[in-house]
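The values are calculated or read from the model by the stated rules, or taken from the named source; none is laboratory data. Given the structure is predicted, the values throughout are model-derived calculations rather than measurements. So basically every Cβ, Gly included, is an ideal-geometry build from the backbone, and we count neighbours across all protein chains shown. Calculation scope for accessible area: heavy atoms of the full protein, side chains included, ligands and nucleic acids excluded. Shrake-Rupley method; radii C 1.70, N 1.55, O 1.52, S 1.80 Å.
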Amino acid sequence: MTEAATRPIEEIDVAIIGGGPTGLTAGIYASRALRRTVVWEQLMIGGQIAQTGVIENYPGFPDGIEGYDLTMAMHAQAEKFGVETKYETVSSLRRDGRSYIIEADSGSYRAKTVIVTAGAEYNKLEVPGEAELTGRGVSYCATCDAAFFKGQTVA
């Protein structure tokens with residue numbers, strides 16, 4: 001029997017799988033409603049937006065804001081209201097009557113509600129310089145970033 005299998009199942013109200021802007025926003029609402037809320041993030045809090053350079057189309061920041069700074073502020077706000085963050089992999093999710101069982105690296109959790117905001121991954125070209133310049137010239141969202149390149153030749 002593994003160590004995780006011998007630990008008791010921890011009870012939570014809201015489990016959020018994915019720590020990007022959607023997951024953090026859901027966490028803020030749930031924790032403000034006095035629900036014990038846990039956000040699981042496998043990689044880096046903030047998701048794709050945390051790796052973005054200047055964001056000019058987010059309301060409230062007329063001069064733009066760095067993606068990393070925006071997501072760190074979102075995370076700080078979520079934690080202020082009581083969101084717990086676990087940086088680990090969720091290996092399984094299953095229904096158990098009226099609740100859900102989440103299996104993660106640190107153990108098992110029973111949640112009344114689960115919100116999955118696992119995000120997406122860009123289709124990469126795998127060309128030289130792509131990784132280094134993503135968010136700083138290499139773009140994957142034409143509607144998000146087109147204004148940055150107005151009047152320029154793009155490929």
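With a sphere of radius 13 Å drawn around the Cβ of residue 18, what net charge do the other residues whose Cβ falls strictly inside it have (Lys, Arg +1; Asp, Glu -1)?
Every neighbour counted, the sum reads -2.
Write down the percent of antiparallel bridges among all DSSP beta bridges whose residues are both part of the chain, to the nearest 5.
45 percent
Within a Cβ distance under 11 Å of residue 31, other residues only, what is the Lys/Arg minus Asp/Glu net charge?
Taking every other residue near residue 31 into account, the sum is +1.
Can you list the residues, at least 5 places off or on another chain, whose amide H is less than 5 Å from the amide H of residue 10, using H built in the peptide plane?
108, 109, 110
Rounded to the nearest percent, how much of the accessible area of the chain (1.4 Å probe, protein heavy atoms only) is carbon and sulfur?
Within the chain, the accessible surface is 54 percent carbon and sulfur.
Send over a whole-number figure in Å² for the accessible area per residue of the chain, probe 1.4 Å.
That works out to 64 Å² for each residue.
Restricting to Cα pairs below 8 Å that are 6+ residues apart, what does the relative contact order work out to for region 1-135? Please round to a whole percent.
Across region 1-135, relative contact order equals 32 percent.
Would you please put 124-134, 46-56 in order of how densely packed they are, using the mean number of other Cβ atoms within 10 angstrom per residue and starting with the highest?
46-56, 124-134
Short version: ³J(HN,Hα) in whole Hz for each residue of region 65-75, in order, from phi by Karplus 6.51 cos²θ - 1.76 cosθ + 1.60 (θ = phi - 60°), x for Gly and Pro, what are they?
8, 5, x, 4, 5, 4, 6, 5, 5, 4, 5
List the pair-distance distribution P(r) of the chain, using every Cα-Cα distance, as the percent of pairs falling in each 5 Å bin from 0 up to the bin containing the longest distance, rounded to whole percents.
With 5 Å bins starting at 0, P(r) equals 2, 9, 16, 17, 16, 13, 10, 8, 6, 3, 1, 0, 0.
In whole Hz, what ³J(HN,Hα) sequence does region 102-116 give by Karplus (6.51, -1.76, 1.60; θ = phi - 60°), x for Gly and Pro?
My calculation for region 102-116 gives 10, 9, 10, 3, 8, x, 10, 9, 10, 10, 6, 9, 10, 10, 9 Hz in order.
Tell me the Rg and the Dmax, in Å, that the Cα atoms of region 77-130 produce.
16.1, 51
What are the aspartates and glutamates whose alpha-carbon lies under 18 Å from the alpha-carbon of residue 150, with same-chain residues fewer than 8 places away excluded?
56, 63
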